[in-house]
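Asker: Take this structure first; my questions come after.
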Amino acid sequence: MESFLRAQSPIDLHLHSALSDGTDSPTGVVREAHSHGVRTMALTDHDTTGGWAEAEAACRELAMTFVPGAEISVSGGPGVGGMHLLAYLFDPVEPNLAATMLDLRDGRPDRIKTIVMNLQADFEISLDDVMAEADGAPPQRPHIASVLVANGYALSVDDAFANILNPDGKYYIPTTRKPSILAAIRLINAAGGVAIIAHPTGRSGGVMPLKNLELLLDAGLAGFELDHRENAANPAGLERLREYARDYDLIVTGSSDYHGSRKKNRPGENTTAPHMLERIIERATGREPTYPIAT
């Protein structure tokens, strides 16, 4: 508790850099968060810890608290719309989780190439443009969405996802290398981390049955990211998850899911309560946050 009190509010626990599908460098993400008033932040790039050191250094310079994290891609979650897990304060060199994240990154280029080939039947889009948009990061669907926007086929990245790249559309190719959500939760816990389901109501609607929640909790799930702009699209699902969080005393987080210029989300637009971050820190055994140096 004493160390936790060194973390400051506001607290934003979900931001992305250009090492995954954001547009800012890790340093740029930190500076943007600071300019919006955020004082404790987590860098949660997709399936990589590559930006931790740079973001941590930038947080030190601005007297911010840094919470190491990642957003892990998962498949087939029971009753969950958004297929991502936020992992906090895990050991980045724990071999099983590190190997899983590497496998996820290695599988992206072939998948993106196939999606682009599918799109080329109806849209003028090239793989070279997508790779240029990724700018050295593993290519992902948001990079395709940005090219579709630039070429005039969508009004925004969100519009491209909703109307062209959605999982029910003919261009979509699933990721075959994703671990199941239950396996990923166990991997995160084994690495000393804390697993939170990202934007769990998703865009697809639906309400999570209690039996599915119990499976997730048995695997070691710690909680849900409920204060997130995407959850507003499914109010019934969100209310059910809030009920579960109260009934089972789960950790509840809030965050921006900042991606730079690729999305409208701004740092600090949703935040996490200090006592919830305290619970994450108390539960984790893999890493600790980096706090500002006391003066």
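The values are calculated or read from the model by the stated rules, or taken from the named source; none is laboratory data. These numbers were taken from a predicted model, which means no experiment stands behind them. Counting neighbours? That spans all protein chains shown, and the Cβs are built from the backbone with ideal geometry, glycine included.
Asker: For Glu269, which of the numbered conditions (1) acidic (Asp, Glu); (2) under 18 Å from Leu15 (Cβ atoms); (3) part of a helix (DSSP H, G or I) fails to hold?
Answerer: Going through (1) acidic (Asp, Glu); (2) under 18 Å from Leu15 (Cβ atoms); (3) part of a helix (DSSP H, G or I) one by one, Glu269 breaks only (3).
Asker: Ok, one more. When the residues of the stretch 164-219 are filtered to those that are more than 27 Å from Ser146 (Cβ to Cβ) and of a type in the set (D, E, K, R), which remaining residue is surrounded by the fewest Cβ atoms within 10 Å (Cβ to Cβ)?
Answerer: Restricting to residues being more than 27 Å from Ser146 (Cβ to Cβ) and of a type in the set (D, E, K, R), the top hit is Lys211.
Asker: When residues of the stretch 14-65 are filtered for being in a loop (DSSP other than H, G, I, E, B), more than 25 Å from Ala145 (Cα to Cα) and not basic (Lys, Arg), how many remain?
Answerer: Step one: filter the stretch 14-65 for residues in a loop (DSSP other than H, G, I, E, B), giving 16-25, 36-39, 44-45, 47-51, 62-64.
Pick out the ones that are also more than 25 Å from Ala145 (Cα to Cα) and you get 36-39, 62-64.
Now narrow it down to the ones that are not basic (Lys, Arg): 36-38, 62-64.
Count: 6.
Asker: Taking the stretch 224-248 as the search range and keeping residues that are in contact (Cβ under 8 Å) with a residue 40 or more places away in the chain and closer than 23 Å to Arg283 by Cβ, which one is surrounded by the fewest Cβ atoms within 10 Å (Cβ to Cβ)? Steps first, answer last, please.
Answerer: Restricting attention to the stretch 224-248, the residues satisfying the condition of being in contact (Cβ under 8 Å) with a residue 40 or more places away in the chain are 225, 227-230, 234, 237, 241.
Checking which are closer than 23 Å to Arg283 by Cβ leaves us with 225, 227-228, 241.
Working: Glu225: 29, Asp227: 19, His228: 23, Leu241: 25.
Per the criteria, the residue is Asp227.
Asker: Further question on the same structure: What do you reckon, is Arg240 of a type in the set (Lys, Arg) and within 19 Å of the chain's Cα centre (by Cα)? Give the derivation first.
Answerer: On the way: of a type in the set (Lys, Arg): yes; within 19 Å of the chain's Cα centre (by Cα): no.
It is false that Arg240 is of a type in the set (Lys, Arg) and within 19 Å of the chain's Cα centre (by Cα).
Asker: Still on this structure, I have one more. Could you check, for the stretch 127-143, whether at least one of its residues is of a type in the set (Gly, Ala, Ser) and either in the same structural domain as Arg246 (by TED's automatic domain parsing) or buried (at least 18 other Cβ atoms within 10 Å of the Cβ) (or both)? Even if it seems obvious, please write down each step before you answer.
Answerer: Quick first cut of the stretch 127-143, residues of a type in the set (Gly, Ala, Ser) only: 132, 134, 136-137.
Now drop any that are not either in the same structural domain as Arg246 (by TED's automatic domain parsing) or buried (at least 18 other Cβ atoms within 10 Å of the Cβ) (or both), which leaves 134, 137.
So far as the stretch 127-143 goes, yes, one or more of its residues are of a type in the set (Gly, Ala, Ser) and either in the same structural domain as Arg246 (by TED's automatic domain parsing) or buried (at least 18 other Cβ atoms within 10 Å of the Cβ) (or both).
Asker: Report whether or not Val116 is in contact with a His (Cβ under 8 Å, 6 or more places away or on another chain) and in a helix (DSSP H, G or I). Working first, answer last.
Answerer: Details: in contact with a His (Cβ under 8 Å, 6 or more places away or on another chain): no; in a helix (DSSP H, G or I): yes.
Spelling it out, it is not the case that Val116 is in contact with a His (Cβ under 8 Å, 6 or more places away or on another chain) and in a helix (DSSP H, G or I).
Asker: Being assigned to a helix (DSSP H, G or I) and not basic (Lys, Arg) is the filter here; which residues of the stretch 236-266 pass it? First the steps, then the outcome.
Answerer: Our first condition is that a residue be assigned to a helix (DSSP H, G or I); within the stretch 236-266, this holds for 236-248, 260-262.
Across the stretch 236-266, the qualifying residues are Ala236, Gly237, Leu238, Glu239, Leu241, Glu243, Tyr244, Ala245, Asp247, Tyr248, Gly260, Ser261.
Asker: Let me ask another. Please work out which one of (1) among the β-branched types (Val, Ile, Thr); (2) in contact (Cβ under 8 Å) with a residue 60 or more places away in the chain; (3) in contact with a helix residue (DSSP H, G or I) (Cβ under 6 Å, 6 or more places away or on another chain) is the condition Ile196 fails and give its number.
Answerer: (3)
Asker: Modelled with pLDDT of 95 or more and in a loop (DSSP other than H, G, I, E, B): does that describe Gly202? Before the answer, list the steps.
Answerer: Numbers: modelled with pLDDT of 95 or more: no; in a loop (DSSP other than H, G, I, E, B): yes.
In short, no.
Asker: Considering only residues of the stretch 101-133 that are in contact (Cβ under 8 Å) with a residue 40 or more places away in the chain and either among the small types (Gly, Ala, Ser) or in contact with a strand residue (DSSP E or B) (Cβ under 6 Å, 6 or more places away or on another chain) (or both), which is nearest to Lys178 (Cα to Cα)?
Answerer: So, considering only residues that are in contact (Cβ under 8 Å) with a residue 40 or more places away in the chain and either among the small types (Gly, Ala, Ser) or in contact with a strand residue (DSSP E or B) (Cβ under 6 Å, 6 or more places away or on another chain) (or both), the one nearest to Lys178 (Cα to Cα) is Leu104.
Asker: Within the stretch 67-80, is there a residue that is at negative phi, touching a residue at least 12 places away in the same chain (Cβ under 8 Å), assigned by TED's automatic domain parsing to the domain that holds Gly223 and assigned to a helix (DSSP H, G or I)? Spell out how you get there, then give the answer.
Answerer: From the stretch 67-80, those at negative phi are 67-75, 77-78, 80; that's our starting set.
From what is left, the residues that are touching a residue at least 12 places away in the same chain (Cβ under 8 Å) are 67-75, 77-78, 80.
Now narrow it down to the ones that are assigned by TED's automatic domain parsing to the domain that holds Gly223: 67-75, 77-78, 80.
Those still in the list that are assigned to a helix (DSSP H, G or I) too: none.
Within the stretch 67-80, none of the residues are at negative phi, touching a residue at least 12 places away in the same chain (Cβ under 8 Å), assigned by TED's automatic domain parsing to the domain that holds Gly223 and assigned to a helix (DSSP H, G or I).
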